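Report on the structure given below.
The values are calculated or read from the model by the stated rules, or taken from the named source; none is laboratory data. What you are looking at is a predicted structure, and each value in this text was computed from that prediction instead of being measured. Ideal geometry is used to build each Cβ from the backbone, glycine not excepted, and the neighbour counts take in all protein chains shown.
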Amino acid sequence: MKQDFASTVYNARVGHEKFHDLNELRAFTERLIQLWDRDHDRPFKMKSEYAVGSGPLIWSFTQHVVELTRTILDLSRQNRMIIAVPLIRLSVENTMTSVWAYLVPDSAKAVVFEGLRNKKNTIAGIIKQNAEGFDAESLGKAQAELSEFEEYRLPAAQNFQQLCDQILGGTGIKLSWRVMSSYSHAQMPMADFYLNEVPKTDDMPLGIEFNPDATLKSHEAWLGTSICMLITSMKVCDSINQEGRHKTQLGRAAKMMGISLDLKLANEQK
């Protein structure tokens, strides 16, 4: 039975029957990337509501997910998935933001507002450090730009977790994103990854030894999560294209991964 969008966080045991090994899974992913690359020389005609709204953002975020996936594949081949987890996390952020921008076509101005807000705060911080290149005039200009978009402020554009909650099935993805965060920052899970518990001795009074050759468990599941993000991103981008060239191919890919591409806002479901 097809799972809902929350199951975009790949379950290796479910998907394993479709792929005999990691090489098959990687080859499947390469074909998806090639599908995207083949369109580079063809005009992209956006549907009108997206051409004047969030369309350019969606295309850019999708392109970034494709580039992230290329690198994740390389790291997978090297069995260095712990290095890939922050990239998968970033892929989730770009994909979910694209989904939100697709479901809320006029959200582009809220994203612009957040960009300008961050710019103003950065300039203010630089000025406090007495660094050259910015002054009160620079800050004033940044504030003026920000004020023009103040009315378009949306909490979802500022807080990724709130953004996920607005998407049907997004809460599950938000929880997995939190797990990825623990492998993306200098926190205890990251330290534990490179340490092994051993019997205490005079040489090892803490009962801990270093493990520079540690490998991440559930390699297939982490790679699968990345692939599901790629499929979803490409689906969103294809949906704002007037020609919608890849509906069939992406539908088949989603079926292979056991996910649904029926994207809705959470408040659309009774």
How many residues are in contact with a Phe, Trp or Tyr (Cβ under 8 Å, 6 or more places away or on another chain) and of a type in the set (D, E, K, R) when one looks only at segment 227-263?
1
Pick from segment 161-193, criterion modelled with pLDDT under 90 and among the aromatic types (Phe, Trp, Tyr), ranking: surrounded by the most Cβ atoms within 10 Å (Cβ to Cβ)
Tyr183
Could you list, in sequence order, the residues of segment 29-55 that are in contact with a strand residue (DSSP E or B) (Cβ under 8 Å, 6 or more places away or on another chain) and surrounded by fewer than 20 Cβ atoms within 10 Å (Cβ to Cβ)?
Phe44, Lys45, Met46, Lys47
Determine whether segment 224-242 contains at least one residue that is loosely packed, with under 14 Cβ neighbours inside 10 Å and under 26 Å from Met46 (Cβ atoms).
yes
Counting only residues that are within 25 Å of Val111 (Cβ to Cβ) and polar (S, T, N, Q), segment 124-150 contains a total of 3
Criterion: surrounded by fewer than 18 Cβ atoms within 10 Å (Cβ to Cβ) and either in contact with an Asp or Glu (Cβ under 9 Å, 6 or more places away or on another chain) or modelled with pLDDT of 95 or more (or both) - qualifying residue of Lys264, Lys270, Lys247, Lys255:
Lys247
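Residue-wise test of (1) among the hydrophobic types (A, V, I, L, M, F, W, C); (2) under 30 Å from His219 (Cβ atoms); (3) modelled with pLDDT of 95 or more; (4) assigned to a loop (DSSP other than H, G, I, E, B).
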{"position": "Glu49", "(1), (2), (3), (4)": "no, no, no, no"}
{"position": "Arg89", "(1), (2), (3), (4)": "no, yes, yes, no"}
{"position": "Val112", "(1), (2), (3), (4)": "yes, no, no, no"}
{"position": "Gly115", "(1), (2), (3), (4)": "no, no, no, no"}
{"position": "Gly133", "(1), (2), (3), (4)": "no, no, no, yes"}
Does segment 139-159 hold any residues that are in a helix (DSSP H, G or I), under 24 Å from Leu265 (Cβ atoms), touching a helix residue (DSSP H, G or I) at 6+ places or on another chain (Cβ under 6 Å) and not polar (S, T, N, Q), and which are they?
Tyr152, Pro155, Ala156, Ala157
